1. Provide a single number: the residues in the stretch 1-26 that are within 15 Å of the chain's Cα centre (by Cα) and among the aliphatic types (A, V, I, L, M).
2. Would you confirm whether or not the stretch 20-31 contains a residue that is touching a residue at least 60 places away in the same chain (Cβ under 8 Å), closer than 22 Å to Val178 by Cβ, surrounded by 17 or more Cβ atoms within 10 Å (Cβ to Cβ) and aromatic (Phe, Trp, Tyr)?
3. How about the stretch 151-180: which of its residues are open to solvent by less than 20 Å² (accessible area, probe 1.4 Å), part of a helix (DSSP H, G or I) and closer than 9 Å to Ala119 by Cβ?
4. Residue check, Ala98 against (1) modelled with pLDDT under 95; (2) part of a strand (DSSP E or B), all met but one. Which one?
5. Return the pair list, or none, for Cβ contacts closer than 7 Å from residues in the stretch 125-152 that are within 15 Å of Ala61 (Cα to Cα) to residues that are at pLDDT below 65 and in a loop (DSSP other than H, G, I, E, B), at least 6 apart or on different chains.
6. Quick check on the stretch 51-64. Is at least one of its residues over 20 Å from Trp118 (Cα atoms), open to solvent by 10 Å² or more (accessible area, probe 1.4 Å) and of a type in the set (D, E, K, R)?
7. Of all residues in the stretch 30-46, which are of a type outside the set (Lys, Arg) and over 13 Å from Leu110 (Cα atoms)?
8. Would you point out which residue out of Glu109, Glu53 is among the acidic types (Asp, Glu), at pLDDT 90 or above and under 21 Å from Ile173 (Cβ atoms)?
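The values are calculated or read from the model by the stated rules, or taken from the named source; none is laboratory data. Keep in mind the model is a prediction, meaning the values are calculated, not measured. Cβ placement follows ideal geometry from the backbone for every residue including glycine, while neighbour counts extend to all protein chains displayed. Accessible surface areas use protein heavy atoms only, side chains included; no ligands, DNA or RNA. Shrake-Rupley method; radii C 1.70, N 1.55, O 1.52, S 1.80 Å.
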Amino acid sequence: MAKVRFEVSDSLGIVTMANPPLNLFTLELIDDLNAAVTEAKRTPLRALLVRAEGKIFSGGADVSVFKGISSTDARRLFTSHLRLIADLEELPYPTLAAVQGLCIAAGLELILACDLIWAAASARFAQAEASIGTTTLLGGAQRLAERVGPSRAREIVYTADQYDAATFERWNIVNKVVAD
């Protein structure tokens with residue numbers, strides 16, 4: 001797993017994305033995340049921490065992966081990505097995302113599948129897909145609506161605006177803001 005590490009400390013599983021500088025969701029990173037979550041499913045754990053190395057949690061998807069692929073191949077990609085999100089969401093123990101820096105698009109969709117989200121005070125969030133003419137592709141809109149209600153979820157999805165950690169905590173998306 002070159003772009004993602006899975007390790008266990010006592011009974012805590014730790015999934016670490018390591019695709020600097022932006023921790024973009026490339027095909028390799030997604031494959032590695034799938035492998036890490038699959039390993040976590042097989043490991044007796046009390047909890048799982050999802051984190052990222054570097055100053056940025058995730059800048060979202062590397063959109064170059066869609067260049068030149070057919071709609072059929074794109075559908076296959078999204079089907080596998082949706083399974084990854086569902087596998088993370090369905091783990092039988094608590095999951096916590098620890099977020100620093102930017103967390104946008106696919107990164108936000110990933111953390112919304114976790115039970116708890118802790119964010120550094122300077123973290124910034126966006127569901128930025130509207131800026132490229134689409135909507136959330138991995139269930140982010142539905143997970144946002146579950147946490148914050150449909151009206152506010154629409155605002156986040158339709159505007160593609162960035163929000164700070166304090167706002168997301170006030171809106172019950174982030175559970176806790178911690179010092180950088």
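1. Our first condition is that a residue be within 15 Å of the chain's Cα centre (by Cα); within the stretch 1-26, this holds for 3-4, 14-19, 22-26.
Going one step further and asking which of them are among the aliphatic types (A, V, I, L, M), we end up with 4, 14-15, 17-18, 22, 24.
Total meeting the criteria: 7.
2. No, there is no match, as no residue in the stretch 20-31 is touching a residue at least 60 places away in the same chain (Cβ under 8 Å), closer than 22 Å to Val178 by Cβ, surrounded by 17 or more Cβ atoms within 10 Å (Cβ to Cβ) and aromatic (Phe, Trp, Tyr).
3. Selection gives Ala165, Phe168.
4. In the conditions (1) modelled with pLDDT under 95; (2) part of a strand (DSSP E or B), Ala98 misses (1) alone.
5. Note: pairs meeting the criteria are Gln127/Thr136; Glu129/Thr135; Glu129/Thr136; Glu129/Leu137.
6. Quick first cut of the stretch 51-64, residues over 20 Å from Trp118 (Cα atoms) only: 61-64.
Within this subset, residues satisfying the condition of being open to solvent by 10 Å² or more (accessible area, probe 1.4 Å) are 61-64.
Imposing the further condition that a residue be of a type in the set (D, E, K, R) reduces the set to 62.
Yes, there is a match, as at least one residue in the stretch 51-64 is over 20 Å from Trp118 (Cα atoms), open to solvent by 10 Å² or more (accessible area, probe 1.4 Å) and of a type in the set (D, E, K, R).
7. Start the filter on the stretch 30-46 by keeping residues that are of a type outside the set (Lys, Arg), which leaves 30-40, 43-45.
Correct list: Asp31, Asp32, Ala35, Ala36, Thr38, Glu39, Ala40, Thr43, Pro44, Leu45.
8. Values: Glu53 fails: under 21 Å from Ile173 (Cβ atoms).
Result: Glu109 is the single residue among Glu109, Glu53 that is among the acidic types (Asp, Glu), at pLDDT 90 or above and under 21 Å from Ile173 (Cβ atoms).
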